[in-house]
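Remarks on the structure that follows.
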Amino acid sequence: MKYLIANWKAHKTLKDVEEWVKVFRENYSSDQSDLRIILAASAPHLSYLKKAVEGLNHVVVAAQSVSAEPEGSFTGEVTAKALESVVDYCIVGHSERRARGESKEQIDAQIKNLQVVGIIPILCIRNVEDFPVGYSGIVAYEQPDAIGTGNNTAVEEVMDVYRKLNLSQNSTFLYGASVDENNCNEYLEYPEIKGFIVGTASLDPRQFIKILEKI
Ligand code: PGA
């Protein structure tokens with residue numbers, strides 16, 4: 001299975017999301033069965049987006065974050081239970097959230113909460129040290145200095161991290177940070193790298209589709 005994840009971060013109004021899907025629908029065609037395209041939008045847009053992508057082969061929706069609390073009196077928190085019937089996947093541990101104070105313990109709790117309700121975590125790590133002992137599943141290596149800068153990480157370094165992680169057999173390794181249609185081929189030469197998390201180059205559906213066509 002290959003993955004292409006659009007991480008829209010804190011970009012896009014609901015109207016922007018509608019427009020993105022419209023253009024994507026007009027230009028997307030995929031009969032590749034072992035591909036999953038995951039669109040990670042702002043929490044209030046997820047229900048809309050889930051409906052909007054219905055009928056598009058291989059396209060599903062993800063949250064960008066989840067509460068470390070399972071449920072309760074935590075105003076403003078979005079729990080895994082609240083996301084349960086809306087998304088199939090959820091990004092956790094993104095470096096932009098770790099930089100805002102999210103701890104390893106909170107990330108562990110988020111993963112657990114997601115697994116309880118059957119949402120698949122997409123765990124982002126900045127380095128080998130971020131990788132939780134015993135974790136098995138989707139993991140994306142995203143070096144913070146390479147994110148949003150155009151300075152994508154050299155594939156040799158990405159593969160070095162991959163080897164050090166010593167992932168379980170049912171794990172999936174992804175790369176993220178400044179991926180675009182010009183540099184994605186370098187990574188795709190390595191079958192260990194099963195796809196990408198794409199931020200900046202996912203904001204425009206036409207640019208996103210160019211990456212998709214290379215996978
Ligand atoms: P970028 O973002 O593609 O803009 O570098 C990737 C990410 O932060 O997930």
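Nothing in this text is a laboratory measurement; each read-out follows from the coordinates by a stated rule. Bear in mind the structure is a predicted one, so any value in this text is a computation, not a measurement. Don't worry about glycine lacking a Cβ; one is built from the backbone with ideal geometry, like all the others, and counts go over all protein chains shown.
Tell me, what is the FRET efficiency for Leu14 and Glu54 to the nearest 0.05, using R0 = 22 angstrom and their Cβ-Cβ distance as r?
That gives a FRET efficiency of 0.85.
Mind scanning Lys51/Lys104; Lys51/Lys194; Lys12/Lys50; Lys9/Lys51; Lys9/Lys112 and naming the pairs with a C-alpha gap bigger than 25 Å?
The answer is Lys51/Lys104; Lys51/Lys194.
Based on the alpha-carbon gyration tensor of the stretch 55-113 and its eigenvalue square roots a ≥ b ≥ c, which shape applies: rounded if a/c is under 1.5, prolate if not and a/b is larger than b/c, or oblate?
Taking the square roots of the gyration eigenvalues as a ≥ b ≥ c, the stretch 55-113 is oblate.
Among Val198, Val61, rank each residue by its count of other Cβ atoms within 10 Å, from fewest to most, as a rough exposure measure.
In order of increasing Cβ crowding within 10 Å: Val61, Val198.
What number, rounded to the nearest 500 deg cm²/dmol, is the helix-based mean residue ellipticity at 222 nm of the chain, given -39500 (n - 2.57) per DSSP H run of at least four residues and division by all its residues?
-9000 deg cm²/dmol
As an exercise, identify the GluC sites (Glu not before Pro) in the stretch 73-112 lying in DSSP coil whose Cβ has no more than 11 other Cβ atoms within 10 Å.
Sparse-neighbourhood loop GluC sites (Glu not before Pro): none present.
Can you give me the C-alpha center-to-center distance between the stretch 26-62 and the stretch 167-215, rounded to a whole angstrom?
Rounded to whole Å, the Cα centres lie 16 Å apart.
State, to one decimal in nm², a quarter of the convex hull surface area for the C-alpha atoms of the stretch 1-160, i.e. the direction-averaged projected area.
Projected area, direction-averaged: 10.5 nm².
So for Ser29, Ser178, fewest C-beta neighbours within 10 Å to most, what's the order?
Exposure proxy ranking, most exposed first: Ser29, Ser178.
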